[in-house]
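**Q** Have a look at this one.
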Amino acid sequence: MEGMLNDLAIGVDHQQEFEPHYKEKLEESGAAGPHVDFGVQVLTTGYWPTYPAFDVHLPPEMTKCTTLFKDYYDERNNKRRLAWMWGLGNATVKGNWGKKKYDLQVTTLQAITILAFNNPGAADEQFSFEQLKVSARLRDRAHQKINK
């Protein structure tokens, strides 16, 4: 239990240190596109329940964020390895449909699926279950959980 509490306390410090680094790197790269607030909670494997890990194909907005955090983390922790647990994250996706604005509270995997419709011309398209699964590179079981 002490290890879990320590992870949470360290996570606050990581986030406070990472935020200015993240903003600076975004400005340096001249990153255009939607505004993304990004936070990570790093947990020590031995202190927490285990969850299945799987790879996904992230949209460019999310790839940029995870790459910046990984580079930041690796600079400070050269002996530790990050393993992303996509099934545990969450996101707020802001969208405009017609004249209405919405804030959707979704899992990271649901956000990946929603963002597939963010590509030029995609809003007018229809995607089959198989097409969405392939675009995110998800296994059947993970993708079925997302689209319930």
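The values are calculated or read from the model by the stated rules, or taken from the named source; none is laboratory data. Being a predicted model, the structure only gives us computed values, none of them experimental. So basically every Cβ, Gly included, is an ideal-geometry build from the backbone, and we count neighbours across all protein chains shown. We work out accessible area using only protein heavy atoms, side chains counted, and drop any ligands, DNA or RNA first. Shrake-Rupley method; radii C 1.70, N 1.55, O 1.52, S 1.80 Å.
**Q** Which whole-Hz couplings ³J(HN,Hα) result when phi for each residue of segment 82-95 is put into the Karplus expression 6.51 cos²θ - 1.76 cosθ + 1.60, θ = phi - 60°, listed in order with x for Gly and Pro?
**A** Here the 3J(HN,Hα) series is 8, 10, 6, 10, 4, x, 9, x, 9, 8, 10, 9, 9, x Hz.
**Q** May I ask you to compute the full-extension gain from residue 6 to residue 61, defined as 0.36 nm times their residue separation minus their alpha-carbon distance, rounded to one decimal in nm? Intermediate values should be presented prior to the final figure.
**A** Working: separation 55, 0.36 × 55 = 19.80 nm, distance 3.04 nm.
Extra length from residue 6 to residue 61 when fully extended: 16.8 nm.
**Q** Mind computing the radius of gyration and Dmax over the alpha-carbon atoms of segment 4-69? Å is fine for both.
**A** Using the Cα atoms of segment 4-69, the pair Rg, Dmax is 14.1, 39 Å.
**Q** Further question: Just to verify a number: FRET efficiency for residue 70 and residue 28, C-beta to C-beta distance, R0 = 22 Å, to 0.05?
**A** 0.85
**Q** Count charges around residue 90 for me, please; just the other residues with Cβ under 13 Å from its Cβ, Lys/Arg as +1, Asp/Glu as -1.
**A** Taking every Cβ under 13 Å from that of residue 90, the sum is -2.
**Q** Structure shown: which of 64/94; 23/99; 23/79; 23/100 lie over 23 Å apart, alpha-carbon to alpha-carbon?
**A** 23/99; 23/79; 23/100
**Q** Given a 1.4 Å probe and every protein chain left where it sits, what share in percent of the accessible area of segment 1-110 is carbon and sulfur?
**A** The C+S portion of the solvent-accessible surface of segment 1-110 is 53 percent.
**Q** Taking only C-alpha pairs under 8 Å that are 6+ residues apart, what is the relative contact order of segment 1-86 in percent?
**A** Taking the mean separation of contacting Cα pairs over the length of segment 1-86, I get 39 percent.
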